[in-house]
1. Return yes or no: is Ala224 touching a Gly at 6+ places or on another chain (Cβ under 8 Å), assigned by TED's automatic domain parsing to the domain that holds Arg140 and either at positive phi or aliphatic (A, V, I, L, M) (or both)?
2. Hey, could you check segment 200-229 for residues that are surrounded by fewer than 12 Cβ atoms within 10 Å (Cβ to Cβ) and under 19 Å from Asp240 (Cα atoms) and say which is modelled with the highest pLDDT?
3. Looking at segment 130-148, is at least one residue outside any helix (DSSP H, G or I), at pLDDT below 85 and in contact with a Gly (Cβ under 8 Å, 6 or more places away or on another chain)?
4. Taking the stated definitions as given, is Ala267 of a type in the set (Gly, Ala, Ser), closer than 20 Å to Thr225 by Cβ and at pLDDT 75 or above?
5. Can you name the residue in segment 119-167 that is free of Cβ contacts under 8 Å to residues at least 60 places away in the same chain and within 20 Å of Glu244 (Cα to Cα) and is also surrounded by the most Cβ atoms within 10 Å (Cβ to Cβ) among such residues?
Amino acid sequence: MTRQGFDDVDDVRAAALDEAERRGLEASISLWEGEGFALTQRLVDIVEGGLDMTDPDLDGLAARLAEATDAAERLIEHATTARHHLGRARRTIIELDGRGDERAAAQADYEATYRLARMCRGHNAQRVTLEAWVLAHHLREVVTSANRRLGAMSRGRFQIHVDDEAADQRSKHGLDLSIADAETGTRRPVRTLSGGQTFQASLALALGLADTIATQRVGRDIGATFIDEGFGGLDTDSLDTAIEVLNNLGAEGQMIGVITHVEELKAVLPVAIEVTPMGGGRSKLTQLIGNPPAGASSAAGSSAEVA
């Protein structure tokens, strides 16, 4: 007993376990023995399966660690930058929230400018663009001057009018013309004029444009006006009237050039340049001076060949 650490029989009896404690310890021992057997078996399996006894790649692991560290530092830098931008955005939002009056004023200016731009593009009750309105204003001035000429050429029969309404959807408001006919007491489209009447109206408009430009502030004087054909469609009376108008213009100091094949008109021109084709893309120019009777040749001045 002494060797087992007991002094006497009473100590032995005191150390004795009751049945429940003994069974609990036996169960714990059995559990430990089972776990020990399982661990032993796993160790045997590992040994039999072969252990990897090679040294780890410390350099490779160090490189991977360095890459991961760099990536982490970049992410931290990006996060810091993002927080900085977020702070600026929040401050900007606060600043903009405090500028509501300025935004309202800018919005009002924009809406007014937008409405004005739409009106200038023709989105208005009259569907007139700013360009058409300006052109119509100048066209009325031209027509006023042209009517003085047309009244003389037509002996008071025709007057040109600027229509406020477009003739069709393809036309521009304020740029259409019509003709008031004193004989019929009606106003009709210019396309209903005969060839001679159309020539008279066209000549009157051309001269009216020259008169208007000469009287504008630009101060540009149209020293010469050239009329290219149109005389061939005139009847005898209209041709005589056109010649009379041209002579009156010459008497007023205006230079009128006429490009024509009409012999009656060529005969009354005081000075002319006759163009004679010579073939090969060349022509002969001859200056004719004088107003000879019909059938006679004009006095020739200088001549030249041109390509």
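1. It is true that Ala224 is touching a Gly at 6+ places or on another chain (Cβ under 8 Å), assigned by TED's automatic domain parsing to the domain that holds Arg140 and either at positive phi or aliphatic (A, V, I, L, M) (or both).
2. Phe226
3. As a first pass, look at segment 130-148 and keep what is outside any helix (DSSP H, G or I): none.
No, segment 130-148 contains no residue that is outside any helix (DSSP H, G or I), at pLDDT below 85 and in contact with a Gly (Cβ under 8 Å, 6 or more places away or on another chain).
4. Working: of a type in the set (Gly, Ala, Ser): yes; closer than 20 Å to Thr225 by Cβ: no; at pLDDT 75 or above: yes.
It is false that Ala267 is of a type in the set (Gly, Ala, Ser), closer than 20 Å to Thr225 by Cβ and at pLDDT 75 or above.
5. Keep residues of segment 119-167 that are free of Cβ contacts under 8 Å to residues at least 60 places away in the same chain, which gives 119-137, 139-140, 150-151, 156-167.
After this cut, where a residue has to be within 20 Å of Glu244 (Cα to Cα) as well, the list is 150-151, 156-159.
Working: Leu150: 26, Gly151: 16, Gly156: 11, Arg157: 16, Phe158: 21, Gln159: 20.
That would be Leu150.
The values are calculated or read from the model by the stated rules, or taken from the named source; none is laboratory data. This one's a predicted model, so the numbers in the text were calculated from it and none came from an experiment. Neighbour counts are summed over all protein chains in view; Cβ atoms, including those assigned to glycine, are modelled from backbone coordinates with ideal geometry.
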